[in-house]
């Protein structure tokens, strides 16, 4: 069974209207397939296949316990915006689509969603993460052996997966669009 992550870099107002009308994310899942491009005229699709998308959050949970306060606070501000369940008193990913459309979405329906202003704020948090201070801590961290190829057990793999979020945020900010991450498994 495959696990896919779909990122929609979306014009916010028509996306909110479509979500409101479908009372959820059916506006995307039920859209007719377009073999020549994106299925929705108001959103660009970006895809990632693999459980490592979620596993990077687990890796960070282990890593953050070892981080000194300054890099941990900066990393938490970004990582908490894109990963669930990082612990009590940590930021939680936003669900701006549900809020703006006035519908209820579970984290399994929309993993996170950000209106354009939040995209820009979270991108700034991502750019503020002191990776050069975090990498040496990660290098000294002992992790269990991989069980599957999707397990995130090293810093390089972690940074590659987390880099997806930053790439999507950058594109959305550059085009003044919102960002919606959907899970399919």
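Among the helices (runs of 4 or more DSSP H) contained in region 111-185, which hold 3 or more residues that are closer than 15 Å to residue 46 by Cα, at pLDDT 95 or above and touching a helix residue (DSSP H, G or I) at 6+ places or on another chain (Cβ under 7 Å)?
Once the helices (runs of 4 or more DSSP H) in region 111-185 are filtered for at least 3 residues that are closer than 15 Å to residue 46 by Cα, at pLDDT 95 or above and touching a helix residue (DSSP H, G or I) at 6+ places or on another chain (Cβ under 7 Å), what remains is 155-174.
Of the conditions (1) closer than 19 Å to residue 160 by Cα; (2) not in a loop (DSSP other than H, G, I, E, B), residue 98 clears all except one; give me its number.
Here residue 98 meets the rest and fails (1).
All but one of (1) modelled with pLDDT of 90 or more; (2) in contact with a helix residue (DSSP H, G or I) (Cβ under 7 Å, 6 or more places away or on another chain); (3) under 20 Å from residue 28 (Cα atoms) hold for residue 95; which doesn't?
With (1) modelled with pLDDT of 90 or more; (2) in contact with a helix residue (DSSP H, G or I) (Cβ under 7 Å, 6 or more places away or on another chain); (3) under 20 Å from residue 28 (Cα atoms) applied to residue 95, the lone miss is (2).
Can you say whether residue 46 is surrounded by fewer than 15 Cβ atoms within 10 Å (Cβ to Cβ), within 30 Å of residue 130 (Cβ to Cβ), at pLDDT 85 or above and in contact with a helix residue (DSSP H, G or I) (Cβ under 8 Å, 6 or more places away or on another chain), as far as the supplied structure shows?
No: the conditions fail for residue 46.
Conditions: (1) in a helix (DSSP H, G or I); (2) in contact (Cβ under 8 Å) with a residue 24 or more places away in the chain. Residue 85 meets all but one. Number of the miss?
Going through the list (1) in a helix (DSSP H, G or I); (2) in contact (Cβ under 8 Å) with a residue 24 or more places away in the chain, residue 85 breaks only (1).
Going by the conditions given, is residue 41 modelled with pLDDT of 85 or more, outside any helix (DSSP H, G or I) and over 22 Å from residue 183 (Cβ atoms)? First the steps, then the outcome.
Working: modelled with pLDDT of 85 or more: yes; outside any helix (DSSP H, G or I): yes; over 22 Å from residue 183 (Cβ atoms): yes.
Yes.
For residues that are under 21 Å from the mean Cα position of the chain (by Cα) and not in a helix (DSSP H, G or I), tally how many sit in region 9-34.
The total comes to 5.
Please give the number of the condition residue 55 fails out of (1) closer than 26 Å to residue 90 by Cα; (2) modelled with pLDDT of 85 or more.
If we test residue 55 against (1) closer than 26 Å to residue 90 by Cα; (2) modelled with pLDDT of 85 or more, just (2) comes out false.
Taking the condition of being closer than 16 Å to residue 131 by Cβ and free of Cβ contacts under 8 Å to residues at least 40 places away in the same chain, how many residues in region 49-69 meet it? Please lay out each step first, then the result.
Here is the first cut: in region 49-69, the residues closer than 16 Å to residue 131 by Cβ are 56, 59-60, 63-64, 66-68.
Cutting the leftovers down to free of Cβ contacts under 8 Å to residues at least 40 places away in the same chain gives us 64.
Result for region 49-69: 1.
The values are calculated or read from the model by the stated rules, or taken from the named source; none is laboratory data. Everything numeric in this text was worked out from a predicted model, so none of it was measured. Backbone-built Cβ (ideal geometry, glycine too); neighbour counts: all protein chains shown.
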